[in-house]
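The values are calculated or read from the model by the stated rules, or taken from the named source; none is laboratory data. Please read these numbers as outputs of a predicted model, since none were measured by experiment. FYI the Cβ positions are ideal-geometry reconstructions off the backbone, even for glycines, and counts take in every protein chain you see. Each accessible area value is taken on the protein alone, full model and side chains, heavy atoms only, with ligands, DNA and RNA left out. Shrake-Rupley method; radii C 1.70, N 1.55, O 1.52, S 1.80 Å.
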Amino acid sequence: AKDAGGGGYATYHPDMHDALARRLDLATDLRLALERDELLLHYQPNVDLTSGEIVGFEALVRWQHPTRGLVPPIEFIGVAEATGLIVPLGRWVLREACRQAVEWNRPLKMAVNVSVRQFEDDDVTAMVQEVLAETGMPPQWLCLEMTESVLLTDTDDNLARIVSLKALGVMLAMDDFGTGYSSLAYLRRFPMDILKIDRSFVDRLGAEREDEALVRTIVRLAQRFGMSTVAEGIENETQLTLLQGAGCDTAQGYLLSRPLPAAAATALLTEERNF
Ligand code: C2E
Ligand code: CA
Ligand code: CA
Ligand code: CA
């Protein structure tokens, strides 16, 4: 280790070996998971805060591992990014989400997460275009969600990518808004359609008046830039009421619905459930 003193991080510990071994196993397994069709999507409803109607879903990937059970994305998206597997994995997610949206055959917004690595792949626009064509997905039903980190690096190339994706007719959302540090400048520069207010802001709602003011300011800012707003991670009625009062357009969160397997999401749509 370079720096054995101080931080304690360089000190070897058996747990680190376990953690590393687990990550390596995971990388090998993940490669096979794609071939073996072990990935699946859950869908979290996005609800209009005025009408209570479902206006869309966010597709969230899970991995049905043969021995570990249902593995959440936090445990394998990082590995997928580090190994480059995120490119085929992301393509699979996009195709499956579009296939499902076409099967539902309703004008709902299907939101799909796109990671930085996937976004910076040279062919991202061609890939999206191919999947739209393969699945027959109307471009205006698709929303690509990306985090601010996409907008922070290599800005000229990334701006060109954003512009060419927009030209396909898909919507673009800025995910986890407020967690990066150059948010405001990038709002001006990039033509995003939707701003997703990060859960960390929603969490605090109800505790302090200042937090309410902060959310109101974010919503107004988005409106000034012609963007609609989605609040993430709504867990209680207080948050719901405050977000409605702030003029936020739509919301997702456990209060409304957890992410659901495809069959359960289909059932929700069929019974035309309002929230
Ligand atoms: P994200 O895009 O910010 O997605 C929202 C996460 O918050 C989801 O976790 C969702 O289940 C969770 N969530 C929703 N409502 C609530 C709530 O009321 N309370 C709390 N505590 N959590 C809530 P999930 O599905 O575990 O995904 C975690 C992250 O993994 C996502 O964060 C996204 O960054 C990434 N991810 C998921 N699916 C994909 C994918 O297909 N591709 C890529 N590149 N990343 C993905
Ligand atoms: Ca997201
Ligand atoms: Ca988010
Ligand atoms: Ca997040």
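Couple of notes before you dig in:
- Look at where the Cα atoms of the stretch 239-262 and of the stretch 105-179 average out, and the two centres are 23 Å apart.
- Estimated inter-spin distance, L184 and A133, nm [label 7 Å along Cα→Cβ]: 4.4
- Set of the stretch 192-234 residues, backbone N closer than 17 Å to the point 7 Å along the Cα-Cβ line of I74: 198-204, 232-234
- D175 accessible area, assembled protein chains, probe 1.4 Å, Å²: 10
- Rounded to two decimals, the Cα-based Rg/Rh of the chain, with Kirkwood Rh, is 0.98.
- Sequence ranges 26-32, 51-57, 228-234, ranked by mean other-Cβ count within 10 angstrom, highest first: 228-234, 51-57, 26-32
- Between L159 and S200, the contour length at 0.36 nm per residue exceeds the alpha carbon distance by 12.0 nm.
- Take the Cα of N105, step 7 Å toward its Cβ, do the same at T266, and the gap between the two points is 1.3 nm.
- Estimated distance in nm for a label pair at R23 and L40, the labels positioned 7 Å out from Cα along Cα-to-Cβ: 2.9
- Packing, as the average of other Cβ atoms within 10 Å across residues, places the peptides 42-48, 77-83 in the order 42-48, 77-83, highest first.
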